Structures are given as C-alpha cells and as structure tokens.
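K.L.:
Pasting a structure here, questions to come.
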Amino acid sequence: MPKSQRDKKRVWTKNEQKKKLDEQGGNCANCGEPKTVDDTVGHHDKRHADGFPTDDKNHKQVCKDCHNDLHH
C-alpha cells in the first residue's frame, strides 16, 4: 500500500507500550517470557505496510529477539 494511504501513526508511545505489556501480564506476546518495557518493542499484528492501523487492537509487545525473528 502506498505510504500516503497508510496510518500516519507508525509507532506506539512508551506509555502505550507499557500499558500493552501490563495487559500481557508483563510477558512477551510471542515467547511468553517475562520482560520489561525496555526489553520489548511494539509489533503490528497485521502489517502497517499493508494498510493496517497502529492502534491497540493491532498491537503486541514482543521482546527484541522475537521481534527480530518475526521479521526475518
């Protein structure tokens, strides 16, 4: 999808990431290991590049290792 048609918001704020991690019980949404917000990144469940929004429903907090695995 062309960038001009994508959600203008690309990333979640630190507060949004902390809230999501708290909702996940402090665990990575992918591997289930306990993590801090600084050990995780916001991940789009459905790709932003495909036109899906950067909103709470499309947000998972995953650890950096899992995020790397999800994208490679």
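The values are calculated or read from the model by the stated rules, or taken from the named source; none is laboratory data. The model shown is predicted, which means the values in this text are computed figures rather than measured ones. All Cβ positions, glycine included, derive from the backbone under ideal geometry; neighbour counts span all protein chains shown.
K.L.:
Take the residues of segment 1-20 that are closer than 19 Å to His71 by Cβ and surrounded by 15 or more Cβ atoms within 10 Å (Cβ to Cβ): which is farthest from the chain's Cα centre (by Cα)?
P.N.:
As a first pass, look at segment 1-20 and keep what is closer than 19 Å to His71 by Cβ: 1, 3, 6-7, 10-12, 17, 20.
Applying the additional criterion that residues be surrounded by 15 or more Cβ atoms within 10 Å (Cβ to Cβ) yields 6, 12, 17, 20.
Values: Arg6: 16, Trp12: 8, Gln17: 8, Lys20: 9 Å.
The residue in question is Arg6.
K.L.:
With the requirement that a residue be more than 14 Å from Lys8 (Cβ to Cβ) and either in contact with an Asp or Glu (Cβ under 7 Å, 6 or more places away or on another chain) or among the charged types (D, E, K, R) (or both), what does segment 43-58 give you?
P.N.:
Scanning segment 43-58 gives Asp45, Lys46, Arg47, Asp50, Asp56, Lys57, Asn58.
K.L.:
Still on this structure, I have one more. For segment 42-69, which positions are charged (D, E, K, R) and more than 8 Å from the chain's Cα centre (by Cα)? Give the derivation first.
P.N.:
Of segment 42-69, the ones charged (D, E, K, R) are 45-47, 50, 55-57, 60, 64-65, 69.
Once the filter is applied, which keeps residues that are charged (D, E, K, R) and more than 8 Å from the chain's Cα centre (by Cα), segment 42-69 yields Lys46, Arg47, Asp50, Asp55, Asp56, Lys57, Lys64, Asp65, Asp69.
K.L.:
Quick test of your reading of the structure: Lys9 fulfils all but one of (1) assigned to a loop (DSSP other than H, G, I, E, B); (2) touching a strand residue (DSSP E or B) at 6+ places or on another chain (Cβ under 7 Å). Name the failing condition by number.
P.N.:
All conditions are met except number (2).
K.L.:
Being in contact (Cβ under 8 Å) with a residue 24 or more places away in the chain, closer than 14 Å to Asp65 by Cα and not in a loop (DSSP other than H, G, I, E, B) is the filter here, so list the residues in segment 35-51 that pass it. Full working, then the answer.
P.N.:
Restricting attention to segment 35-51, the residues satisfying the condition of being in contact (Cβ under 8 Å) with a residue 24 or more places away in the chain are 35, 37, 39-43, 48-51.
Restricting the remaining residues to those that are closer than 14 Å to Asp65 by Cα gives 35, 37, 39-43.
Within segment 35-51, Val37, Asp39, Thr40, Val41, Gly42, His43 meet the criteria.
K.L.:
Just one of Gly25, Gly32 is surrounded by fewer than 12 Cβ atoms within 10 Å (Cβ to Cβ), assigned to a loop (DSSP other than H, G, I, E, B), at pLDDT 95 or above and at positive phi; which is it? Walk me through it before giving the result.
P.N.:
Working: Gly32 fails: surrounded by fewer than 12 Cβ atoms within 10 Å (Cβ to Cβ).
None of the other options fit; the residue is Gly25.
Results for (1) out of contact with any helix residue (DSSP H, G or I) (no Cβ under 7 Å at 6 or more places or on another chain); (2) over 28 Å from Ser4 (Cβ atoms); (3) of a type outside the set (Ser, Thr, Tyr), shown as yes or no for each residue.
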| position | (1), (2), (3) |
| --- | --- |
| Asn30 | no, yes, yes |
| Glu33 | yes, yes, yes |
| Thr36 | yes, yes, no |
| Val41 | no, no, yes |
| His44 | no, no, yes |
| Thr54 | no, no, no |
| His59 | no, no, yes |
| Cys63 | no, yes, yes |
